[in-house]
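Okay, so here's the structure we're looking at.
The values are calculated or read from the model by the stated rules, or taken from the named source; none is laboratory data. Note that the coordinates shown come from a computational prediction; the quantities given were computed from them, not determined experimentally. Note that each Cβ is placed from the backbone with ideal geometry, even for glycine, and that neighbours are counted across all protein chains shown. Remember, those area values only see protein heavy atoms, side chains included, never the ligands or the DNA or RNA. Shrake-Rupley method; radii C 1.70, N 1.55, O 1.52, S 1.80 Å.
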Amino acid sequence: MSGWHHRHILDLASFSRDDFASILELAQRFRSLPVTGVRKLPALQGRLVATLFFEPSTRTRSSFELAAKRLSADVMSFSPSSSSLSKGESVLDTARTYVAMGADVLVVRHRSTSVPQQLAADLDRLGERTVVLNGGDGLHSHPSQGLLDLLTLARHFDAQKPTPQALAGKKIVIVGDILHSRVARSNLWALTGCGADVVLCGPRSLLPEDFAAFVDAPPPGLSCDPVAQRGRVTVERRLEQALPGADAVMTLRLQKERMTQQLLTSLERYHRDYGLSHARLQLCGRQVPVLHPGPVNRGVEMTSRLLDDPSICLVEEQVRNGVPVRMALLYLMAAAESAAESSLVSISS
Ligand code: NCD
């Protein structure tokens, strides 16, 4: 883990294959720790993690809070409705309140793109040591979700050794509302960064053609791509074209709250064209796993029967993997600041 150099974690575009390997390795170690007994590691004792979610969340926020607690950090959480945000306080001033109380890590979710990035830049400018972890910003990025999806897939392909190599050359189909999905964007960087080929599938209104070139340009703010050879990205309009030969399928929620105009004729039509079911998955040619970041619209993105079939649908596995992945992120951020790593080594050996 000595090569870890990210201070804030804002997106996955700047991650190298070694970075993905570090997260997978550490998350796999945290995942294998016994879940009985004390259940806690002392690695972040005395640290303070604040979750600042300006947008609703069920999984991400509770998963970060549990991850922080499993590492013995103190946790504070903020809810917009009962805070001074309703009195007009800005995001930066809200964050500074938590910084003043000693927060080491701020996990930030906001409906507007780039709020965590702006906050990280402001904290750096102010000389604060607090780091920012992006819990999802607008349509842009959701790094911890991309990483937990990566762990879920890597474990599916190689349960003993879930490394980036487990993904190399695999065909992963991502279906649905790609346009409004920060999860899809983070997965594009993570999956291609580990050498998987991604096929995007959806109607033109939810999947503009230029997504095929999404990972072609150097990531924003970087002069060159930290990954030497990425997997390819292609766009298919029809599931019948996208599914044959797939190794895994990820489907995404229709993000109605982010749609500014009528983009679909009807949900029934969408389900008919892009909804997943046991029958439809036969197009893959063999049994493949299905992922969804949740929350799921039952009967829209997939049938209820498929969602409730754990032999195919890995939604609960994704939720389970979220905790060790977020432990790994919090741990690496803290370790980058101190020699906390030695405490992990002594615990796990
Ligand atoms: C996603 C999100 O909020 O971006 N959910 C999540 O974090 N598990 C996807 C979604 O809301 O559809």
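Structure summary
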quantity: Candidate set from region 76-98 (those that are hydrophobic (A, V, I, L, M, F, W, C) and either crowded, with 19+ Cβ neighbours inside 10 Å or at pLDDT below 95 (or both)); member that is nearest to Met333 (Cα to Cα); calculated: Ala95
quantity: Counted residues, region 63-83 - those being over 28 Å from Pro324 (Cβ atoms) and in contact (Cβ under 8 Å) with a residue 12 or more places away in the chain; calculated: 1
quantity: Residue list for region 265-299, restricted to those being crowded, with 18+ Cβ neighbours inside 10 Å and within 16 Å of the ligand (Cβ to nearest atom); calculated: Tyr270, Tyr274, Gly275, Leu276, Val290, Leu291, His292, Pro293, Val296
quantity: Subset of region 9-27 (residues that are part of a loop (DSSP other than H, G, I, E, B), open to solvent by less than 10 Å² (accessible area, probe 1.4 Å) and among the small types (Gly, Ala, Ser)); calculated: Ala13
quantity: Output for region 28-64, where each listed residue is within 16 Å of the ligand (Cβ to nearest atom), within 24 Å of Thr152 (Cβ to Cβ), crowded, with 19+ Cβ neighbours inside 10 Å and not small (Gly, Ala, Ser); calculated: Thr51, Phe53, Thr60, Arg61, Phe64
quantity: Meets criteria (within 16 Å of the ligand (Cβ to nearest atom) and either without any contact (Cβ under 8 Å) to a residue 60 or more places away in the chain or closer than 20 Å to Leu10 by Cα (or both)) for Arg182; calculated: yes
quantity: Qualifying residue in region 71-88 (condition: farther than 23 Å from Asp149 by Cα, acidic (Asp, Glu) and part of a helix (DSSP H, G or I)); calculated: no
quantity: Where a residue in region 207-222 is assigned to a loop (DSSP other than H, G, I, E, B) and its partner, wherever it lies, is open to solvent by 70 Å² or more (accessible area, probe 1.4 Å), with Cβ under 8 Å and at least six apart; calculated: Pro218/Cys224
quantity: Verdict on Val235 being open to solvent by less than 20 Å² (accessible area, probe 1.4 Å) and either of a type outside the set (Gly, Ala, Ser) or within 21 Å of the chain's Cα centre (by Cα) (or both); calculated: no
